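The values are calculated or read from the model by the stated rules, or taken from the named source; none is laboratory data. Because the structure is a prediction, the values reported are computed rather than measured. Cβ: placed from backbone, ideal geometry, glycine included. Neighbour counts: every protein chain shown.
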């Protein structure tokens, strides 16, 4: 799944239907209202969100305003007649249109009737956007961009796992029991609270987190750059676009790592077979695409890396393939090893003459968080919130300029540093002890 | 016979741009989308949709491009987000 990084900062959300299908009147207002209500319920069943139908006097001020519109309808996103685009919704935020959901009135909207387009299925999808989700490439997922037909009866519909996990990543899991079923139209829905929690949308904590740098691992995988930090990762496409400000859970994407995985040390894509190797502590895992191969993890000792003072390497700092010669380089504790990986599946050990000292990579940090090949085959060294580019094939550049990872990769206005905890907070929340107390 | 193919191609490029697979063209420079860029975009669209990655506008790809869908892009880059915000303002 993918999220936009935008979310509502309140759990009570109001909705209203501004108008009803007018071109093909296959569904009446008394049918549309409960369909909409049930479509919202699909999301509130698994989170702590509560949806309230706005009263008629509050209709125009509802958070999610639903309307049926044709062609140009004053939002810059015209509809295109029957077929083609069916609907759209605006992501949560401070804008006046945030959350608004528009259905193309030229479609024949139906319910459980294949002769038209199922309003319930499309509404569940669009409300996913109105709550902050992007399109998903997973199957099954209601957030796939293409219309997939009816999803069945409103009363028995349950979100697929991918969508449930997506919405829970934004709003958490539901603590209380599922939302009661709206058996009848909106008259039976709870009334909106007298006052709604108002205020600007607060920035998601992950946005700040992303701008702080300190990534555990950075990897060029299938032409995209993955930044791993703690149990999450961010992903940057070939175009330089960050897929989402919101990070994804490592364990939800890379299948087969231990459920307790909360940090990876280094990752790289093997040249010979495009397998993806994860290093965590004294073990490594080999993935075919996003699934781990059987027989892993294996001990790091398979790689045969011995330090200059005769110790076995127990942890990897960085791993990458240098485009200059196609060899694999692994960094650990200020030393690096070179591997000439061939077609054979068993590791042969490092090339002779290794390890060497990482200060041979002049201008780059001696203990990088990770290294990748990127751009024109240049080596990118990452450390804390900075990166250094060593031009293709060069280890001995006269000057290498330090650049900002936060600004250049993470789309941050500027780097942010982790705010130190205030003394008041320390004293107020936690006991403060010292050896003499 | 070439006209429909050309039309299919330009429609395909339009579709890829609209749903975020190709970056929007810069009207100041008027640069053409590169052949490689379009092929990459088609592959990305095919990967996202779970189709065989051919990089070509084959029949499965064209069929999916003609399938009714949500109007929001599949790939939302920072440029799109900023553009949307500006448009909304």
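The condition (being in contact with a strand residue (DSSP E or B) (Cβ under 7 Å, 6 or more places away or on another chain) and over 20 Å from residue B:18 (Cα atoms)) is satisfied by just one residue among A:96, A:118: A:118. Selection of strands (runs of 3 or more DSSP E) fully inside the stretch A:348-417 by the criterion of at least 2 residues being in contact with a helix residue (DSSP H, G or I) (Cβ under 7 Å, 6 or more places away or on another chain) returns A:386-390. Only residues that are touching a residue at least 60 places away in the same chain (Cβ under 8 Å) and either touching a helix residue (DSSP H, G or I) at 6+ places or on another chain (Cβ under 9 Å) or crowded, with 21+ Cβ neighbours inside 10 Å (or both) were counted in the stretch A:224-242, giving 3.
Testing residue A:95 on (1) closer than 18 Å to residue A:6 by Cβ; (2) surrounded by 15 or more Cβ atoms within 10 Å (Cβ to Cβ); (3) in contact (Cβ under 8 Å) with a residue 12 or more places away in the chain, one condition comes back false. Which one is that? Unmet condition: (3).
All told, residue A:349 falls short of being within 34 Å of the chain's Cα centre (by Cα) and on the phi > 0 side of the Ramachandran plot.
What number of residues in the stretch A:121-134 are outside any helix (DSSP H, G or I) and out of contact with any helix residue (DSSP H, G or I) (no Cβ under 8 Å at 6 or more places or on another chain)? Count: 1. Answer with yes or no whether residue B:28 is modelled with pLDDT under 90 and either at the interface with chain A (Cβ under 9 Å from one of its Cβ atoms) or in a loop (DSSP other than H, G, I, E, B) (or both). So residue B:28 fits the description; yes.
The residue that is surrounded by the most Cβ atoms within 10 Å (Cβ to Cβ), among those in the stretch A:110-134 that are under 19 Å from residue A:32 (Cα atoms) and away from chain B (no Cβ under 12 Å), is A:119. Those residues that are more than 13 Å from the chain's Cα centre (by Cα) and either more than 14 Å from chain B (Cβ to nearest Cβ) or within 25 Å of residue A:331 (Cα to Cα) (or both), I need them from the stretch A:228-253; list them, please. Passing the criteria: only A:230.
Table: residues versus (1) more than 7 Å from every other protein chain (Cβ to nearest Cβ); (2) outside any helix (DSSP H, G or I); (3) surrounded by fewer than 16 Cβ atoms within 10 Å (Cβ to Cβ).
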{"site": "B:41", "(1), (2), (3)": "yes, no, no"}
{"site": "B:44", "(1), (2), (3)": "yes, no, no"}
{"site": "B:47", "(1), (2), (3)": "yes, no, yes"}
{"site": "B:52", "(1), (2), (3)": "yes, yes, yes"}
{"site": "B:57", "(1), (2), (3)": "yes, yes, no"}
{"site": "B:60", "(1), (2), (3)": "yes, no, yes"}
{"site": "B:63", "(1), (2), (3)": "yes, no, yes"}
{"site": "B:67", "(1), (2), (3)": "no, yes, yes"}
{"site": "B:74", "(1), (2), (3)": "no, yes, no"}
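Mind checking whether some residue in the stretch A:255-272 is in a loop (DSSP other than H, G, I, E, B), within 14 Å of chain B (Cβ to nearest Cβ) and surrounded by 15 or more Cβ atoms within 10 Å (Cβ to Cβ)? No, every residue in the stretch A:255-272 fails to be in a loop (DSSP other than H, G, I, E, B), within 14 Å of chain B (Cβ to nearest Cβ) and surrounded by 15 or more Cβ atoms within 10 Å (Cβ to Cβ). Scan the stretch A:77-98 for residues that are under 27 Å from the mean Cα position of the chain (by Cα), facing chain B (nearest Cβ under 9 Å) and either at pLDDT below 90 or farther than 16 Å from residue A:18 by Cα (or both) and the total you get is 6. Assess whether residue B:23 counts as being under 21 Å from residue A:135 (Cα atoms) and at pLDDT below 90. Criteria met by residue B:23. For residue A:51, the conditions (1) more than 11 Å from chain B (Cβ to nearest Cβ); (2) over 23 Å from the mean Cα position of the chain (by Cα); (3) under 22 Å from residue A:147 (Cα atoms) are fulfilled apart from (3).
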